[in-house]
Amino acid sequence: MEALVCKRLGDPASASAWLELRQLPSDIGQVPREASPPFHPGSDYAGTVDAVGPSVTKFKVGDPVCSFAALGSFASFIVQDQSLLFGLPKGCDLVAAAALPVAFGTSHVALVHRANLTSSQVLLVLGAAGGVGASAVQIAVARGAEKVQFLKSLGVDHVVDLSNQNLTASVKEFLKSRNLKGVDVLYDPVGGKLTKEAMKLLNWGAQILVIGFASGEIPVIPANITLVKNWTVHGLYWGSYIIHRPAVLEDSVQELLSWMQKGLITIHISHTYSLSEAHLAFSAIKDRKAIGKVMIAFDDKGRSKL
């Protein structure tokens, strides 16, 4: 089988120096998941069941499934426990299904199970044109005309283009036009200075969802202001739910798959590459060319075997 191997940590722009495509024995079993190089990268994925073990009861050969893994999904064959697989409807777009678990799962758990977001609340999403951000948008922050147009096509109420607009001024003007006092929920996968600026827009009693730090800078949320304004700060590491709240994660993904099947959610994929072009996928993300998700497909149907 073919699998991508990270030989050492490095800059995606020079990916050939640290990523390698290897032919591995087809009976290698479950790919290693150690965090230090060399390791097999990759997270969420979709494919068809190629073989099942004697204790497998949920799936049969040929069934389409999707899942996620800490590491190791950039391979043509994957071994996974049935408890971590989610069944897909026949004829499902497997590339779209592979893009769903982590990005949409993060937003679903964060907004539904943690923030209990209602339709009357104001949601501000930083980095909204990325894979995670695009799954949770109302007032959106992005950079560049193409990303702004994409977010508008999703029906976002207001988009702030950071290439030519000030976040605070733009959002305040929008809030005033709607006779709104401020932002109720801040969805933040970016961090850094943008978080600090966005906090100026939050209402008393607002909620802050800490999703990630795409800016590379971990923000400081002042405890004294949190106290005075009665803010609630939620940390949201979606993957840990499989250990601590597996039932919540299972229900969340199943509901999202139902929404996808009914056409209630849109999974936008801006770039798709083959396994041998994986370095281009990493470069697209690094160079901020991604709008929605960047995917790796293994054949003309975009699937791996499990």
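A few points about this structure:
- Amide hydrogen neighbours beyond the local backbone of Asp93, cut-off 5 Å, H modeled: none
- Dipole magnitude of the chain, debye to nearest 20 (Cβ charges: Lys/Arg +1, Asp/Glu -1, about Cα centre): 780
- Under the simplified labelling scheme, the Lys196-Ser274 pair shows an inter-label distance of 4.7 nm, with each label point 7 Å from Cα along Cα→Cβ.
- Ser119, Ser240, ranked by accessible area, largest first (probe 1.4 Å): Ser119, Ser240
- For the range 33-151, the Kirkwood hydrodynamic radius comes to 16.5 Å, computed from all pairs of different C-alpha atoms.
- Above 15 Å, the calculated P(r) of the range 110-211 contains 57 percent of its Cα-Cα pairs.
- Positive-end extreme of charge dipole, the range 152-306 - chosen from His271, Val185, Leu236 (charges on Cβ): Val185
- The lysine pair count for the range 132-255, using Cα distances under 18 Å and pairs eight or more places apart or on different chains, is 9.
- Based on the Stokes-Einstein relation at 10 °C and a viscosity of 1.306 mPa s, and on the Kirkwood radius from alpha carbon pairs, the chain is assigned a translational diffusion coefficient of 78 µm²/s.
- Folded to 0 to 90 degrees: helix 167-177 orientation relative to the chain principal axis, Cα: 60
- Whole-percent carbon and sulfur share, accessible surface of the range 36-86, 1.4 Å: 63
- Residues of the range 203-232 with amide N under 20 Å of the 7 Å Cα→Cβ point at Asp287: 215
- Rounded tilt (10° steps) of 246-262 against the dominant C-alpha axis of the chain: 90
The values are calculated or read from the model by the stated rules, or taken from the named source; none is laboratory data. Because the structure is predicted, anything quoted here is derived from the model rather than measured. Cβ coordinates were reconstructed from backbone atoms using ideal geometry, including for glycine residues, and neighbour counts include every protein chain displayed. Each accessible area value is taken on the protein alone, full model and side chains, heavy atoms only, with ligands, DNA and RNA left out. Shrake-Rupley method; radii C 1.70, N 1.55, O 1.52, S 1.80 Å.
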